[in-house]
Amino acid sequence: MSEDDKALALKIKKLIIGRLKLEIEPEEIEDDQPLFGEGLGLDSIDALELVLGLEQEFAVKIEDEEVGVKAFASIDALVTFVKEKGLQTA
Amino acid sequence: MSAAAATGLDEILAILPHRSPFLMVDRVIERRQGHSCLALKRVTFGDPGIRTGDGDRLPELSPFFLVEAMSQTAALAAAQPPPETGRPRVGFLAAIKDFHTERQAVPGDTLEIRAEVVGHFGGLVKVMGTVEVDGERIGKAELILSVPREVGDV
């Protein structure tokens, strides 16, 4: 992971923690850790909050659940998704 | 209906399944389907949510009914057109986040209830709700509705 990717991953982790009011530090989220279910334990309501947060912070739109499943697989997947689709405004 | 427009009582009753005494919307001033709704509710002594005074306390509306009023207004904002037959899809309240009240509503207050759709994903819709009385905000909440979506929804 390049330095730019690491910086983006940190921004995304801070976004997740801030939007979902999680009481953890960014370092506690592994880059390859699943965000939903057994991983970070997020649910469908958290997914809605993240979709809105990513749209606001990075100008990326997650159109449907099919795209969401891929993008939300992990922090690594989100970094790739934002790099491909987004304009980094944050 | 996509443009802002007043909604008649018949349309409120057609969209919301709630009925007296739990229908918490008396009038819709403005409604943009899929986007927003501004509704009014006059609080009376006869409302089921009125907590009668004990000791020095005066009757007041239980804050749970402020949430209910915002939720019903949110449903009017987020409701999708009806399928070929049947009632429009208003969905269900899935979550309440960050509910705050500044003061309790009392009989005689007219609640101005606003609901703004923030966004949606995967059948869930986030709506910001506020309640004002005489221009003063007395409550707000983030509401998550579960509304079944279909191809072609706005």
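Taking the criterion of being acidic (Asp, Glu) and either within 25 Å of B:Ser146 (Cβ to Cβ) or at the interface with chain B (Cβ under 9 Å from one of its Cβ atoms) (or both), the residues of the range A:63-89 that qualify are A:Glu63, A:Asp64, A:Glu65, A:Glu66. Regarding B:Arg32, is this residue of a type outside the set (Ser, Thr, Tyr), farther than 17 Å from B:Leu111 by Cα and loosely packed, with under 12 Cβ neighbours inside 10 Å? The answer is no for B:Arg32.
Being modelled with pLDDT under 95, of a type in the set (D, E, K, R) and under 27 Å from B:Ser20 (Cβ atoms) is true for just one of B:Arg149, B:Arg57. Which residue is that? Let's see the steps before the verdict.
Values: B:Arg149 fails: under 27 Å from B:Ser20 (Cβ atoms).
None of the others qualify; the one that does is B:Arg57.
Hey, does the range A:6-16 have a residue that's touching a residue at least 12 places away in the same chain (Cβ under 8 Å), away from every other protein chain (no Cβ under 14 Å) and in contact with a Ser or Thr (Cβ under 7 Å, 6 or more places away or on another chain)? Checked against the condition, which is being touching a residue at least 12 places away in the same chain (Cβ under 8 Å), away from every other protein chain (no Cβ under 14 Å) and in contact with a Ser or Thr (Cβ under 7 Å, 6 or more places away or on another chain), the range A:6-16 yields no hits at all. Go through the range A:25-62 and give me each residue that's facing another protein chain (nearest Cβ under 10 Å), assigned to a loop (DSSP other than H, G, I, E, B) and of a type in the set (A, V, I, L, M, F, W, C). Residue satisfying the conditions is A:Ile62 alone.
You will find that of B:Ala78, B:Ala95, B:Ala115, B:Ala74, the residue that is more than 12 Å from B:Lys41 (Cα to Cα), modelled with pLDDT under 95 and either within 14 Å of another protein chain (Cβ to nearest Cβ) or touching a Leu at 6+ places or on another chain (Cβ under 8 Å) (or both) is B:Ala78 and no other.
What strands (runs of 3 or more DSSP E), lying completely within the range B:86-135, carry at least 1 residues that are surrounded by 19 or more Cβ atoms within 10 Å (Cβ to Cβ) and touching a strand residue (DSSP E or B) at 6+ places or on another chain (Cβ under 9 Å)?
Details: elements: B:92-101, B:110-121, B:124-133.
It comes to B:110-121, B:124-133.
Can you find a residue in the range A:2-13 that is surrounded by 17 or more Cβ atoms within 10 Å (Cβ to Cβ), in contact with a helix residue (DSSP H, G or I) (Cβ under 6 Å, 6 or more places away or on another chain), basic (Lys, Arg) and at negative phi? Checked against the condition, which is being surrounded by 17 or more Cβ atoms within 10 Å (Cβ to Cβ), in contact with a helix residue (DSSP H, G or I) (Cβ under 6 Å, 6 or more places away or on another chain), basic (Lys, Arg) and at negative phi, the range A:2-13 yields at least one hit.
The values are calculated or read from the model by the stated rules, or taken from the named source; none is laboratory data. Worth saying up front: this structure is predicted, and the values here are computed from it rather than measured. No Cβ is skipped: glycine too gets one built from the backbone with ideal geometry, and neighbour counts run over all protein chains shown.
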